[in-house]
Amino acid sequence: MYTPSLYAAFLAALTFDSVSAHMEMSWPPPLRSKKNPFAGSDIDYSMTTPLSASGSDYPCKGTLGLLGTAAAAPVASWQAGQTYNLTIEGGANHNGGSCQASLSFDGGKTFKVVKSYVGGCPPAGTSTYDFTLPDDTPAADDALFAWTWFNQVGNREMYMNCAVVSTKAGGSAKRQATSFNSRPDILVANVGNGCSTTEGSDVEFPNPGASVAKANSKTAPPVGSCGSAAGGGGGGDTGASPDQGNAPNPGDGAPPASSPSKTGANPVPTTPATTPEQPGSGPVTTSTTLPGGVFIPQPSPEAPEETVVTPPAETGNAPPPAKPTTLATVTTTAGTGSAPKPTSTPGSGAGNGTNAGVQKPGAACVNEGQWNCVGGSQFQRCASGLWSVLMQMAPGTSCETGISEALVMFRTGSRVRRFVSPRYLA
């Protein structure tokens, strides 16, 4: 039976999972990161969350007040012209997206693009991205290195982590500072500034700079009042064509060559990858603002093309988004009671084969709130009158295949869990 205490415990578990599972830059360690040796007790345990939709904590999640203090000591020392990497880790990658690496030499007022990664950024898990510090990088003791990410699937968000690094220049400092400052600014969107990205596509940066790695052709430019990126292609780099040989390298949990030791030692420059590696096929997950296991599609005039299955034709007038559905949990011990059987409902995607039960994302559905488990490893939901994209089950869990009012989940060697909406509970 549904009780307030059970519901509260369930929501608490979902909140913990959603906060702990998203993506963050772990190297170089950002300001207030638990991985930053200078952070002390001032730790931001929500490092994986996006910037506020109002833009109140742009840039750098509101950490720039630490500049000039011991907590903002440089965590790495880099030399112009050398190759380094950044490391991203986490689980919920929202089907990737597009990222930018940038540097600021004016205390965070402007961030100049060092490299753009269009598509597949980041994969789920741990991955590293190489970049070469431009030859025209000026010297500084407290430069800000930033990783920004615009997710492909889910709420329209902007993620940003910033680390303090020291840089060493070469040649004429005046000439190089002028050249570096002519590089384009990073894209700023989804933070209440009138500029937004398109759900379902990797954002194509209007001015990505001279160094670009492109891993996906399904892109879309930002929309709205996005302004114009400052400068042109940049200073010292040449060849602005996409760099296909610098795809992310999905990690196995071990630190990359340039990761610091516990004492904060500086990394050894790495060599750019010469053989392209495709990003890991991480799970497509929900936004951090919704309970785990709930996906509410965001309709648009042009239905986005799903990368897992064949997309439907444009639906024209899509229904407005539904309000997030609140979930409750009913748990029964395996073997002592029978798990609820899904009620089969004919669907437009029925057929034979492994994915016989896949419903086309964006296709119309009738019974609001129904779940569709496909092959025991993926699921989707009827929300706002449309079927959502397919989403992976959490590691170590599976679901009971079929369309039903409840998503019946199994954990290996554990118990049966049945997720239902409170409206179905007595």
(request) Quickly run through the range 104-130 and pick out the residues that are surrounded by fewer than 23 Cβ atoms within 10 Å (Cβ to Cβ), touching a residue at least 40 places away in the same chain (Cβ under 8 Å) and not polar (S, T, N, Q). (result) PHE105, GLY107, GLY108, VAL118, GLY125
(request) Give the range 61-89 a look and list any residue that's assigned to a helix (DSSP H, G or I) and surrounded by 20 or more Cβ atoms within 10 Å (Cβ to Cβ), or say none. (result) LYS61, ALA72
(message) Of all residues being among the aromatic types (Phe, Trp, Tyr) and either surrounded by fewer than 24 Cβ atoms within 10 Å (Cβ to Cβ) or touching a Ser or Thr at 6+ places or on another chain (Cβ under 7 Å) (or both) in the range 131-154, which is farthest from CYS60 (Cα to Cα)? Just the residue, please.
(response) PHE131
(request) Quick one: count up the residues across the range 1-52 that are of a type in the set (Gly, Ala, Ser), modelled with pLDDT of 90 or more and surrounded by 18 or more Cβ atoms within 10 Å (Cβ to Cβ). (result) 3
(message) Just the residues that are farther than 19 Å from GLY200 by Cβ, β-branched (Val, Ile, Thr) and modelled with pLDDT of 75 or more, please, taken from the range 346-378.
(response) VAL366, VAL374
(request) May I ask you to verify whether THR148 is in the same structural domain as LEU31 (by TED's automatic domain parsing) and closer than 19 Å to PRO184 by Cα? (result) yes
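Yes or no: the range 168-188 includes at least one residue that is outside the structural domain of PRO361 (by TED's automatic domain parsing) and within 28 Å of VAL389 (Cα to Cα).
yes
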(request) Among the strands (runs of 3 or more DSSP E) lying completely within the range 379-426, list those that include at least 1 residues that are more than 28 Å from the chain's Cα centre (by Cα) and at pLDDT 75 or above. (result) 402-404
(request) Would you point out the residue of the range 202-214, among those that are among the hydrophobic types (A, V, I, L, M, F, W, C) and not in a loop (DSSP other than H, G, I, E, B), that is nearest to HIS94 (Cα to Cα)? (result) VAL203
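The values are calculated or read from the model by the stated rules, or taken from the named source; none is laboratory data. Please read all numbers here as calculations on a predicted model, not as lab measurements. Don't worry about glycine lacking a Cβ; one is built from the backbone with ideal geometry, like all the others, and counts go over all protein chains shown.
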